[in-house]
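Shown next, in structure tokens, is the structure this report addresses.
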Amino acid sequence: MANKTILVTGAAGYIGSHICVELLAAKYCVIAIDNLANGSSAAIRRAQQCGQGEIRFYPMDIRDRPALDSLLQTHPVDAAIHCAGLKIMSESVTQPLRYFENNVSGSATLLQALERSGVRNFVFSSSAAVYGAPASVPIPESAPVSANNPYSRSKLTVEQLLADLHDADPRWAIGVLRYFNPAGAHPSGLLGDSPRGMASNLMPAMARVALGQQPMLSIFGDDYPTIDGTGVRDYIHVADVASAHVAALDHLFGAGSGFTLNLGTGRGYSVLEMIKTFELACARTIPYRIEPRRSSDSAACYADPAQALALLGWQARKGLADMCADHWRWHTQNPDGYAE
Ligand code: NAD
Ligand code: WQD
């Protein structure tokens, strides 16, 4: 939307960089911040290329109160999309204080700075992790939430804080987006997931095996009550996740009211189905072995995405074949990620 300026936190990360592309394509002005803990300034440069526009990028931490105040004074914004955060569930179990401080305190500091500068439109990157082990699938937004690890709890705590904030001051228009399993990459092969450290998601793991960077894929459990015994998830193309943020902003600016919505396709795929589709995309075989279940993994987790369609007119457009093909292109063109 012309003449509106959006602050994107975590913009140099996987999802944030794709959101920047979609914002530029929709003619929003973009102010981007990231502390580069898991992001790369190359992602910002490439997002400008993909979105054919300018991103004003500031390496900055959301916990840095004076820096945020000064940024928002120099660059007034109309809304913020808050993607910055630590996201590795297993790491959060061993580092709960770090996750609380970064994800919860960081969000509070950001919200205070926005409040001081008069910004009341906010979109939050939440997660299907807030549903814990779902009692049934597909999962509607009304399903009970139950965080069962510090990462999920950090997301749920921020969701609750946002609800309190709106209760205290109804001028806040807040969109909470619960992502299911973002996957894939920008079709150009320029942007993708470039995790540092101990990330262990399925799609990058399959790509590492296909490229010979890892000898074999471990399948964590084949005795779940699912179609073939392996875990079922709702993989959603990262470009679809990104486009939902533009729809979310349009709604916040138009209707002025908030929402909590699932971002998923509504279709679950098992690990074995994922392997089959990825093998087709990369024309290679992915050897695997069955290992014990990962702790706190659930059997099946997929969204009821009807609310996002009803409220925002948004639905996922890309399928699993696109996700696998795009992820493979990204991985082959950038075998070491951004390698910065
Ligand atoms: P990512 O790690 O690629 O991006 C997050 C970015 O935030 C990184 O670039 C990192 O450097 C930055 N960051 C972290 N702490 C910061 C801080 N204190 N100040 C400034 N920048 C900071 O992760 P992603 O996959 O792009 O995830 C984006 C958001 O979406 C996260 O909040 C994550 O919890 C949420 N989410 C991700 C997934 C997923 O599977 N990728 C699923 C559900 C929700
Ligand atoms: C998918 C399926 C695994 C790797 C995580 C976070 C969640 C959200 C998205 C942030 C499961 C199986 C995986 C492997 C395997 N992130 N698997 N071998 O666990 O659904 O969700 O990422 O919010 O919060 O927990 O995603 O990609 O790790 O796993 O068999 O090497 O693949 O058991 O069934 P998950 P995932």
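The values are calculated or read from the model by the stated rules, or taken from the named source; none is laboratory data. These numbers come from a predicted model, not from an experiment. Because the Cβ atoms are built from the backbone with ideal geometry, glycine has one as well, and the counts that use them run over all protein chains shown. Just the protein is used for accessible areas: all its heavy atoms, side chains included, with ligands, DNA and RNA removed. Shrake-Rupley method; radii C 1.70, N 1.55, O 1.52, S 1.80 Å.
For the reader, a short list of remarks on this structure follows.
- Matching residues, the stretch 177-204, being open to solvent by 10 Å² or more (accessible area, probe 1.4 Å) and either without any contact (Cβ under 8 Å) to a residue 40 or more places away in the chain or part of a strand (DSSP E or B) (or both): ARG178, TYR179, ASN181, PRO182, ASN201
- Qualifying residue in the stretch 287-298 (condition: open to solvent by less than 50 Å² (accessible area, probe 1.4 Å) and either without any contact (Cβ under 8 Å) to a residue 12 or more places away in the chain or in contact with a helix residue (DSSP H, G or I) (Cβ under 6 Å, 6 or more places away or on another chain) (or both)): no
- Within the stretch 33-49, being open to solvent by less than 30 Å² (accessible area, probe 1.4 Å) and over 10 Å from ALA11 (Cα atoms) holds for one residue alone: ALA42.
- Annotation for the stretch 156-175: no member residue is more than 9 Å from ligand 2 (Cβ to nearest atom) and in contact with a Cys (Cβ under 8 Å, 6 or more places away or on another chain).
- The stretch 61-74, subset open to solvent by 30 Å² or more (accessible area, probe 1.4 Å) and not hydroxyl-bearing (Ser, Thr, Tyr), residue farthest from ALA248 (Cα to Cα): PRO66
- Matching option when the condition is under 23 Å from ALA321 (Cβ atoms), at pLDDT 95 or above, more than 16 Å from ligand 1 (Cβ to nearest atom) and crowded, with 21+ Cβ neighbours inside 10 Å, among THR230, THR226: THR230
- Here VAL30 passes the criteria (1) under 16 Å from the mean Cα position of the chain (by Cα); (2) crowded, with 22+ Cβ neighbours inside 10 Å except the one numbered (1).
- For the stretch 103-144, taking the residues that are out of contact with any Lys or Arg (no Cβ under 7 Å at 6 or more places or on another chain) and charged (D, E, K, R), the one that is farthest from GLN307 (Cα to Cα) is identified as ARG116.
- Selection from the stretch 51-68 of residues that are more than 12 Å from ASN35 (Cβ to Cβ) and part of a loop (DSSP other than H, G, I, E, B): GLN52, GLY53, GLU54
- Which numbered condition ASN38 misses (of (1) in contact with a Leu (Cβ under 9 Å, 6 or more places away or on another chain); (2) in a helix (DSSP H, G or I); (3) within 16 Å of ligand 2 (Cβ to nearest atom)): (2)
- Some residue of the stretch 26-37 being away from ligand 1 (no atom under 14 Å from the Cβ) and in contact (Cβ under 8 Å) with a residue 60 or more places away in the chain: yes
- When restricted to residues that are open to solvent by less than 20 Å² (accessible area, probe 1.4 Å) and away from ligand 1 (no atom under 14 Å from the Cβ), the stretch 151-176 contains 3.
- Across the stretch 18-25, a minimum of one residue is classified as within 16 Å of ligand 2 (Cβ to nearest atom), within 29 Å of ALA128 (Cα to Cα) and either of a type in the set (D, E, K, R) or in contact (Cβ under 8 Å) with a residue 40 or more places away in the chain (or both).
- Identity of the residue in the stretch 133-168, in contact (Cβ under 8 Å) with a residue 40 or more places away in the chain and small (Gly, Ala, Ser), that ends up farthest from GLY268 (Cα to Cα): SER154
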